[in-house]
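Since the structure comes first, as structure tokens, the remarks are kept for the end.
The values are calculated or read from the model by the stated rules, or taken from the named source; none is laboratory data. Given the structure is predicted, the values throughout are model-derived calculations rather than measurements. Cβ placement follows ideal geometry from the backbone for every residue including glycine, while neighbour counts extend to all protein chains displayed. Areas reflect the complete protein model, heavy atoms only, side chains present, ligands, DNA and RNA absent. Shrake-Rupley method; radii C 1.70, N 1.55, O 1.52, S 1.80 Å.
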Amino acid sequence: MATPPAPALSPHHPGSLTEWLRSRDDEQLAELLRRRPDLALPAPADLATLASRVSVRTSVQRAVDGLDGFTLRVLEALVLAGGHNAPDAAVAAAAADAWLGDLEADVLARGVDELRDLGLVWGDSDELHLVATAREAVGAYPAGLGRPAAELLRRVSDVQLAPVLRALGIPPAGQPRAGTAVAEVLADRTRLDALIAESDVAEREVLNRLAAGPPVGTVRNAHLPVATDGAPPPHRLIARGLLVPVDAQTVELPREIALALRATPLGDVRVEPPAVASVEHTPAELDRLGTTAVLDTLRLVEALGDSWTAHPPAMLRAGGVGVRELRRTARELGVDDSTTALIVETAHAAGLLAPTTGLDPAYLPTADFDIWRRHETAQRWADLAAAWLAMTRQPSLVSQRGDRDRMITALGPDAERSTVPGLRTHVLDVLTSLPPGAAPAHRRAVLDRLAWETPRRATAQRPLAEAILAEADVLGITAAGGLTGYSRTLLDGSRAAAQQALANALPEPVDDFLVQPDLTVVVPGPPAPELATELGLAAELESTGGASVYRITEASIRRALDAGRSGAELSAFVTDRSRTPVPQALSYLIDDVAKRHGVLRAGAASAYLRCDDDALLTRVVADRGVDSLQLRRIAPGVVISIAPVARVLEVLRAAGYAPAAEAPDGEVITLGADAPRAPSRPPVRAIRPRASVESNAQLTELIRRIRSGDTLTELSRRVQPLVQQVPGVTSATTMALLRQAIREGRRVLLGHADPDGTASRHTILPISLAGGFVRGHESATQRLQSFPLHRLTAVSIVADDYEDDDPA
């Protein structure tokens, strides 16, 4: 495909990017700064400065990476139409149309206008220019196409091309250069089609794969000539000139061959985003499904806090929680490792977990965890959801291998990803675009939509986006894949309204249960906080959902007794809260465990054991399971240990005994009423840019300053030389110039250092000089302004023939 010639410049066309920006109106400049906010930080002094920033490679790369599938194809077409080695050439939109196929003119114009709004191309429709670094940002292979054959073959020696000349039937004699002769053959579409038709199935498969892009592949000994008989397909293609060796291990498919294999030059050009197939639900149904996940999430966070209070995991030297501790926590919570990592990371981001300080730091719940636990259900969930949306960590990476082949740990530094909050917002925006109550038919539809909206990031972001969708389902932000009503409200920015919507969707908490003959307890709904606390002590949770199922066991009753409950209190609790008669077996079990509980007593010696049952005490001393306590009998019925009382109780209970702690007066006491806590830490907040240029008022003022600075820059070329001075030091020359201007009624150009350190210029008609200030009417605003002399950096008298064109 021939490259169209660049049109000649006409007088009315802007000759530079700065002139083109100067010709744009304020609304168009505001759109540019809104779409590329990095251009406005810090504020450009004039349009020349803005033009230089528009072409900065990192800024252009960021803008190109954010293009949707159609606009990216338009940009790639402009790059291809402009020629590969002409970074400053003007290209025509009509030539790009040939690359894009049969597109309507208004559709192509829409893509070009989008590129203009982003500052990636400039100029009129009949004379478009790419910004200087656009080609570099697009990459070496626009639209997955390789370089032209002539350019590739120019780098290959005639000796290496000798087998290709023989295969193509080109006589070596009389050829100015072998590469040129081969390139001429590949440029002939008839001969090229015949060469491709001669390829067998294996060769055609290689060609099709490279034609789809990227056009490079790895081949061993690509430079070495091989016999065509029995050679691998890539080497047979090299021998016939259909692949070109780039180096000893790399080959590239020439552009002409890829274009011959493709149905359209740039492949499938999708103008509109792919529709997300959805399944319709009622909004109330999604909310009901979501509340089940919400209650499960809150239960898991509470269970995590209790687990880490009892057994705080040590912090690794590099930071984070070890794999073994994470798996132990997962077993205690009854979920898989990935869900545990999500709960841990989200609770940490919400400020509910933190490492302790000291020589051996460990992770513990913070004091804020106890406060959070007492909040209403909707508020607790909103805290977690807001933390998940804002945190710069990706839980799905936990237990994978990082860049340095090191295991990524929960709360470790390698799970940090600064781009994840933006990706979460992008994923949820796709769900928000669906009507309320609609859920995607499958996740692939959402991923395909994301791939069209940001194709340059699609490969890297696809696994993360899929993990984000799964995490949203676990946390109750989505249900059955669709966005719940209260989550929509939260994403709209109204947290209080979201909490109220969730509170309305949650089922009413219950404060009673049903006891079954097999000692299971069924709670027909979310348990009230007090009921959940007591059941958590006296029973083991077996399943959750619309109803929760607990099982009362000897161990769970002993746990409640260890926490300070008496047998009578447990019996009264079960009797008062049960809707059904209490099974006799449960009453016997409570009485029997309570009767045995506390037969063994532990106290401080470091610790002692005393027991009226000498046979039981003898059995304890002889038990090898408690050897770590180093028990020693010192008197009938009395044994001492070097271990602390809490350790003695823990080991004895693990061995199957039922000891109780006692005070010096012999009364049974409960140890560890105040759980250990880590220092509080603030929750993660949404990251806001240092400065925002999103509001219309800010943009209007910024553009006014840029245009004013641009006018002053032009003015500075036409005025007397500036008298420069150091801020804070007023020279005699400066004072003399200002007095002369006041006497003669002439305008002056002032260089001024603003309080924030930025430099500005002002054209004023001075009227007075006193008290360390020069006062005068500013030409741009016609308002009386005062400027402190110690902040002046330059002064110059404006030429008399200068006509003021400063913007008002």
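Give the angle, between 0 and 90 degrees and rounded to the nearest 10, that separates the Cα long axis of helix 645-654 from the longest principal axis of the Cα atoms of the chain. The two axes meet at around 90 degrees.
Our note on the geometry: Cα centres of region 732-779 and region 479-541, 69 Å apart.
Taking the chain as the reference, fit the longest principal axis to its C-alpha atoms, fit the long axis of helix 323-333 to the helix C-alpha atoms, and give the angle between the two in degrees, 0 to 90, nearest 10. For 323-333 against the chain, the angle is about 60 degrees. Loop-located trypsin sites (Lys or Arg not before Pro) in region 395-469 (DSSP state other than H, G, I, E, B) with a sparse environment of at most 11 neighbouring Cβ atoms within 10 Å: Arg404, Arg406. Per residue, the accessible area of the chain comes to 48 Å² when a 1.4 Å probe rolls over the protein heavy atoms. Restricting the calculation to Cα atoms, region 536-681 yields a radius of gyration followed by a Dmax of 17.4, 56 Å. With the helix formula -39500 (n - 2.57) applied to DSSP H stretches of n ≥ 4, the chain reaches a computed 222 nm mean residue ellipticity of -13500 deg cm²/dmol. Sparsely packed loop sites in region 160-216 (the trypsin sites (Lys or Arg not before Pro) outside DSSP H, G, I, E and B with at most 16 other Cβ atoms within 10 Å) comprise Arg177.
For helix 69-81, what angle does its Cα long axis make with the longest principal axis of the chain, in degrees from 0 to 90 and rounded to 10? Roughly 30 degrees between the two axes. Taking only protein heavy atoms and a 1.4 Å probe, the accessible area of the chain is 53% carbon and sulfur. Residues whose amide H falls under 5 Å from that of Gly776, counting only those 5 or more places apart or on a different chain, are Ile767, Gln785, with hydrogens built in the peptide plane. Report, in whole Å, the centroid distance computed from the Cα atoms of region 123-148 and region 232-291. Measuring centre to centre over Cα atoms gives 20 Å.
Using only alpha-carbon positions in the chain, the gyration tensor eigenvalues give semi-axes of 68, 44, 26 Å once each is multiplied by 5 and square-rooted (largest first).
For Gly146, the residues whose amide H sits under 5 Å from its own are Arg255, ignoring neighbours fewer than 5 places away on the same chain, with H placed 1.01 Å from N.
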